[in-house]
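Quick notes on the structure that follows.
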Amino acid sequence: MSAQNVRVEAALAELVAEDDLVKARSLTETNATRLGPLLVRMGALSEEKYLEVFSDVACMLVLPRDRPLPDEQDVYGFAKEGPINFDWLLEHEVVLWESDQAIFAIAKDPANPLIQQTLQYFFDETELTWCLAANHHLDRFLSFMSQERAVEDLFAGGDLRLQELAEEAPVVELVNNVIAQATDARASDIHIEPGDGQFAVRLRVDGVLRVLLNQPIARFPAVASRIKLLAGLDIAERRLPQDGRFTQGTGAREMDIRVSTVPDTRGESIVLRLLPKHRDDLQLVGLGFEDDHLKTMVRWAGESNGMVLVTGPTGSGKSTTLYSTLKEVDNSSRKVITVEDPVESNIAGITQIQTHAEIGYSFAVALRAILRQDPDVIMVGEIRDLETAEIAIRAALSGHLVLSTIHTNDAISTFTRLVDMGIEPYLVAAPLKGVQAQRLVRRLCTHCSAPTSPPQCVLPELAEANWQAGVGCDRCRGTGYNGRIGIYEMLDVDVEIQRLITANAAPDEIREVARHRGFRTLLEDGLEKAARGVTTAEEVFRVVNELSV
């Protein structure tokens with residue numbers, strides 16, 4: 001045993017119970033496993049503590065504590081082009097990469113004399129820097145190396161038919177791995193975009209895109225075909241847009257995945273939207289409503305008739321708000337029916353209907369049918385056209401509570417949008433109980449946020465509040481943010497607001513009257529949250545147009 005291993009084992013012996021130490025030492029004699037990894041495997045010692053002890057004795061860096069982890073492509077590239085046999089690296093679970101003209105190494109068993117001697121043979125001691133990393137990081141690199149090599153071998157195997165290629169194990173594994181990583185990262189979307197010589201896979205996490213990996217463009221047809229097969233699309237059709245969906249389990253979660261393909265100049269842009277099939281977080285409390293906004297939304301949900309509209313762009317959380325509002329409805333005494341495209345989450349006690357435009361089963365057709373089902377509450381996924389708007393308004397005026405979404409910039413623009421569709425102003429005003437606009441802003445990471453000064457534009461009463469900024473840490477991937485929260489504007493449509501809508505009043509006039517009733521804009525609501533350290537002013541300004549004050 002080397003002097004280094006002796007010092008490591010002596011340090012470990014001081015940290016564990018005597019019984020565990022005796023048992024571990026007896027096991028090392030029978031299976032030739034070193035003491036430290038055995039203690040970790042037995043649960044007598046945490047892996048983090050083992051790495052800390054090894055680092056102190058051997059003077060090694062611990063990743064990612066002391067230095068960022070390498071890129072997976074850099075690890076694979078060095079394994080493929082470096083002087084050591086690729087299979088030997090996989091067999092001995094060794095990962096190498098080059099950075100800043102130096103070679104770095106991590107291994108499952110860095111104290112193994114054979115591994116140390118082999119690396120010393122190929123690399124001068126001044127070139128090689130040994131590091132330590134947790135097993136789950138090593139497993140990820142080794143799995144990526146194995147998968148990438150398998151994919152390259154597959155594509156080097158000749159001109160196979162596209163469908164056969166898409167069903168080969170390496171391509172299946174690659175697509176599954178991308179979806180699994182996206183789910184683990186809490187991504188809402190996966191973007192697969194062909195470029196010159198390669199295609200990029202990007203994830204939208206907390207509303208912001210980041211690159212997951214890049215792949216050679218030669219692999220794109222097989223990856224695209226695999227996704228199309230899963231979604232039930234035509235793999236030979238690359239000239240027209242296609243939409244489909246499929247369900248896939250990742251870990252303990254089942255995801256409903258919506259697929260959109262659009263031809264572009266380099267091939268096809270593919271976007272996968274990830275929607276959990278079952279959600280336990282559908283509650284208005286926790287979405288980010290201020291107390292007055294929450295009371296207003298609960299009151300709207302308790303109305304016996306009329307219309308409540310939620311507005312905002314795609315991906316702003318409108319469906320989550322509506323689903324959470326339905327949870328506020330007493331489903332035991334009221335019949336609730338939804339018409340959606342697609343049904344994004346299954347809710348117990350509610351009848352949910354999926355439209356199928358390709359067979360003529362549109363929102364308007366479904367709405368006419370469900371009015372004969374004696375509903376009390378109707379949720380329409382989106383008001384997209386005049387026909388749907390007219391039927392929804394008619395339902396709201398005839399004793400039903402109608403909840404729906406519409407795409408506008410803010411709450412007050414909703415009235416103009418409905419009039420532009422062809423609805424008479426008095427019919428817009430009559431059924432409306434309230435309109436809510438919303439956006440999603442990133443939450444500050446609670447582990448690395450730090451006090452900061454407020455922006456110059458804030459009101460004096462907010463200037464001395466708890467303003468924070470994100471620093472960046474491992475938990476938030478260096479972004480300073482972790483998760484998202486809603487910012488809102490809520491417009492209660494009372495008699496005076498109805499009169500202004502009917503008179504086709506200008507939006508500024510409606511806004512001025514609403515302000516006297518406590519209305520505040522998205523920006524104002526966002527800055528209140530930033531003043532409490534929930535998010536940052538920069539994030540609010542990024543999401544909300546500053547001119548909307």
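The values are calculated or read from the model by the stated rules, or taken from the named source; none is laboratory data. None of the values given here were measured: they were computed from a predicted structure. With ideal geometry, Cβ positions are generated from the backbone for all residues, glycine too; neighbour counts draw on all protein chains shown. These accessible areas exclude ligands, DNA and RNA; they are computed on the full protein's heavy atoms, side chains included. Shrake-Rupley method; radii C 1.70, N 1.55, O 1.52, S 1.80 Å.
Summary table
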| quantity | calculated |
| --- | --- |
| Residue satisfying all of: in segment 201-226; over 17 Å from the mean Cα position of the chain (by Cα), surrounded by fewer than 20 Cβ atoms within 10 Å (Cβ to Cβ) and of a type in the set (A, V, I, L, M, F, W, C); farthest from V543 (Cα to Cα) among these | A218 |
| Sole exception among (1) closer than 17 Å to G306 by Cβ; (2) of a type in the set (G, A, S); (3) over 33 Å from the mean Cα position of the chain (by Cα) for A505, by number | (1) |
| Evaluation of C457 against (1) open to solvent by 30 Å² or more (accessible area, probe 1.4 Å); (2) of a type in the set (A, V, I, L, M, F, W, C); (3) part of a strand (DSSP E or B) (one fails), failing number | (3) |
| Residue match in segment 307-314 (condition: closer than 16 Å to L367 by Cβ, part of a loop (DSSP other than H, G, I, E, B) and not acidic (D, E)) | no |
| From the options R245, R238, R266, residue that is open to solvent by 70 Å² or more (accessible area, probe 1.4 Å), over 16 Å from the mean Cα position of the chain (by Cα) and under 14 Å from D189 (Cα atoms) | R245 |
| Candidate set from segment 409-430 (those that are hydroxyl-bearing (S, T, Y) and open to solvent by 20 Å² or more (accessible area, probe 1.4 Å)); member that is nearest to K327 (Cα to Cα) | S413 |
| Unmet requirement for D153, which otherwise passes all of (1) surrounded by fewer than 17 Cβ atoms within 10 Å (Cβ to Cβ); (2) among the acidic types (D, E); (3) at pLDDT 90 or above | (3) |
| Long-range neighbours under 8 Å by Cβ, at least six apart or interchain, first residue over 23 Å from S332 (Cβ atoms) within segment 343-365, second modelled with pLDDT under 85 and open to solvent by 40 Å² or more (accessible area, probe 1.4 Å) | Q354/D341; T355/D341; A357/D341; F363/D341 |
| Residues of segment 461-476 classified as free of Cβ contacts under 8 Å to residues at least 12 places away in the same chain and open to solvent by 50 Å² or more (accessible area, probe 1.4 Å), total | 2 |
| 2 or more residues among the charged types (D, E, K, R): qualifying strands (runs of 3 or more DSSP E) within segment 368-453 | 432-444 |
| Segment 315-340, subset hydroxyl-bearing (S, T, Y) and part of a loop (DSSP other than H, G, I, E, B), residue modelled with the lowest pLDDT | S332 |
| Selection count where residues are open to solvent by 30 Å² or more (accessible area, probe 1.4 Å), within 16 Å of the chain's Cα centre (by Cα) and not acidic (D, E), scope segment 274-285 | 3 |
| G422, sole failed condition from (1) at positive phi; (2) within 33 Å of the chain's Cα centre (by Cα) | (2) |
| Residues satisfying the stated conditions in segment 302-316, i.e. buried (at least 22 other Cβ atoms within 10 Å of the Cβ) and not hydroxyl-bearing (S, T, Y) | M307, V308, L309, V310, G312 |
| Wholly enclosed strands (runs of 3 or more DSSP E) of segment 176-293 bearing at least 1 residues of a type in the set (F, W, Y) | 198-205, 242-250 |
| Cβ-Cβ under 9 Å pairs, at least 6 apart or on other chains, segment 431-442 side open to solvent by 10 Å² or more (accessible area, probe 1.4 Å), far side of a type in the set (K, R) | K433/R299; L440/R484; R442/R484; R442/R542 |
| Failed item, numbered, when G288 is tested on (1) within 30 Å of G518 (Cβ to Cβ); (2) over 22 Å from the mean Cα position of the chain (by Cα); (3) surrounded by 15 or more Cβ atoms within 10 Å (Cβ to Cβ); (4) in contact (Cβ under 8 Å) with a residue 12 or more places away in the chain | (2) |
| Matching residues, segment 502-518, being over 21 Å from I423 (Cβ atoms) and open to solvent by 70 Å² or more (accessible area, probe 1.4 Å) | D508, E512, R515, H516, R517 |
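Residue-wise test of (1) buried (at least 18 other Cβ atoms within 10 Å of the Cβ); (2) of a type in the set (D, E, K, R).
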residue	(1), (2)
K335	no, yes
V339	yes, no
E344	yes, yes
G349	no, no
H356	no, no
I359	no, no
A364	yes, no
R368	no, yes
Q373	no, no
